[in-house]
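Working notes, beginning with the structure itself.
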Amino acid sequence: MATLRLLCLPFAGAGAGVFRGWGDALPAHVEAFAVQLPAREDRLADPPLVDWAAMRDALLAAIDALPPQRTAIFGHSLGAVIGFDLAHALQRRGASPVDHLFVSARPWPGRAPDPPVPAWPAGDDALLAAMDRRFGSLGTSLSHPDIRAVVLPALRADLCLLDDYHYAPGAVLDCPVTVFAGSADPSTPGDTLAAWRNATTGAFALQAFAGGHFFIETHRSEVLAALAASLPAQARPGW
């Protein structure tokens, strides 16, 4: 029987399918829940969320609809920022503290912000070229017009959503924070990853994997093994 819920948050433009099969590869006490934002996969007809507070409230409402359970969070790239903010929101409420936060392929949000590139209103070719420069290749599938027509609206919405996020200095987390990174990811210089230590008063770890920004896909088995080794097996005090 599962005693720990792992919320999995994908990168910009992606859907829950990124995490297909993760539950089968994790320990039996862990139940993986992949978050499906609107405007993709089985929610393709739903209008996208571009307001950060509305997105957070929608996620909190979805969590509240689930049975009470210990919770860990894994987020990749945009998902790391969402997970970080969601962990703060759950900690403020006090009723469902986060056991562990995993942030993947994302600099600490408290650092000086990057210039606003890639800009989500750019033309398709310019947007994809800018994304390639910052994050590495997004894959040749986006060269197909039908795939572009499906993926790009969600990608633009997610970049717009990220523009609406503002880091608020102040309270820090008390749960363990683990950072995953690709050793060849151009978007995450080492100092921006180590700065995640500022995010918590709890334990901190940083683990690098071979690969670029999308190492969770190219090195999936290694990532899942690291997750399994880091996820708590026992409840935190108070559960």
Fill in the blank from the handout: Residues whose modelled amide H sits under 5 Å from the amide H of L173, counting only those 5 or more places away in sequence or on another chain, are T200, T201
Handout entry: Highest-MSF residue in the chain out of A226, A32, A199 [GNM, Cα springs under 10 Å]
Key = A226
Fill in the blank from the handout: Probe 1.4 Å, heavy atoms of protein chains only: per residue, the accessible area of the range 50-99 in Å² is 35 Å²
Completion exercise
Length gained, D42-S183, 0.36 nm per residue minus C-alpha separation, equals 47.5 nm
Problem - Check: the chain dipole with +1 on Lys, Arg Cβ and -1 on Asp, Glu Cβ, in debye - result: 500 debye
Problem - Highest-MSF residue in the chain out of L161, L37, L60 [GNM, Cα springs under 10 Å] - result: L60
Completion exercise
Computed, not fitted: 222 nm per-residue ellipticity of the chain from DSSP H runs ≥ 4 (each -39500 (n - 2.57)), nearest 500, equal to -10500 deg cm²/dmol
Practice task
Please sort 175-185, 76-86, 203-213 by packing, taking for each peptide the average over its residues of neighbouring beta carbons within 10 angstrom, highest first.
Solution key: 76-86, 175-185, 203-213
Exercise for the section: Over the Cα atoms of the range 150-239, compute the convex hull volume and normalise it per residue, giving Å³. Expected result: 162 Å³
Practice task
For the chain, return all DSSP H helices satisfying: extent of Cα atoms along own axis at least 24 Å; mean Kyte-Doolittle hydropathy at least -1.0.
Solution key: 145-163
Exercise for the section: Quantify, in whole percent, the carbon and sulfur part of the accessible surface of the chain (1.4 Å probe; protein heavy atoms only). Expected result: 59 percent
Exercise for the section: Compute the distance in nm between two label points, each set 7 Å from the Cα along the Cα-to-Cβ direction, one at R111 and one at M1. Expected result: 4.4 nm
Exercise for the section: State the three equivalent ellipsoid semi-axes of the range 1-120, derived from the C-alpha gyration tensor as the square roots of 5 times its eigenvalues, in descending order and whole Å. Expected result: 23, 17, 15
Exercise for the section: Just need the Rg to Rh number for the chain, please, alpha carbons only, Kirkwood Rh. Expected result: 0.94
Handout entry: Two-site FRET efficiency, T201 against A61, from Cβ-Cβ distance with R₀ of 25 Å, rounded to 0.05
Key = 0.35
Exercise for the section: With springs connecting C-alpha atoms under 10 Å apart, model the chain as a Gaussian network and identify which of A16, A87, A61 has the largest mean-square fluctuation. Expected result: A61
Fill in the blank from the handout: For the range 155-239, the per residue accessible area (1.4 Å probe, Å²) is 47 Å²
Problem - Relative contact order, percent, the chain [alpha-carbon distance under 8 Å, six or more residues apart] - result: 21 percent
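The values are calculated or read from the model by the stated rules, or taken from the named source; none is laboratory data. These figures come from a predicted structure and were not determined experimentally. Positions of Cβ are generated from backbone atoms using ideal geometry, with glycine treated the same way; all protein chains shown enter the neighbour counts. Areas reflect the complete protein model, heavy atoms only, side chains present, ligands, DNA and RNA absent. Shrake-Rupley method; radii C 1.70, N 1.55, O 1.52, S 1.80 Å.
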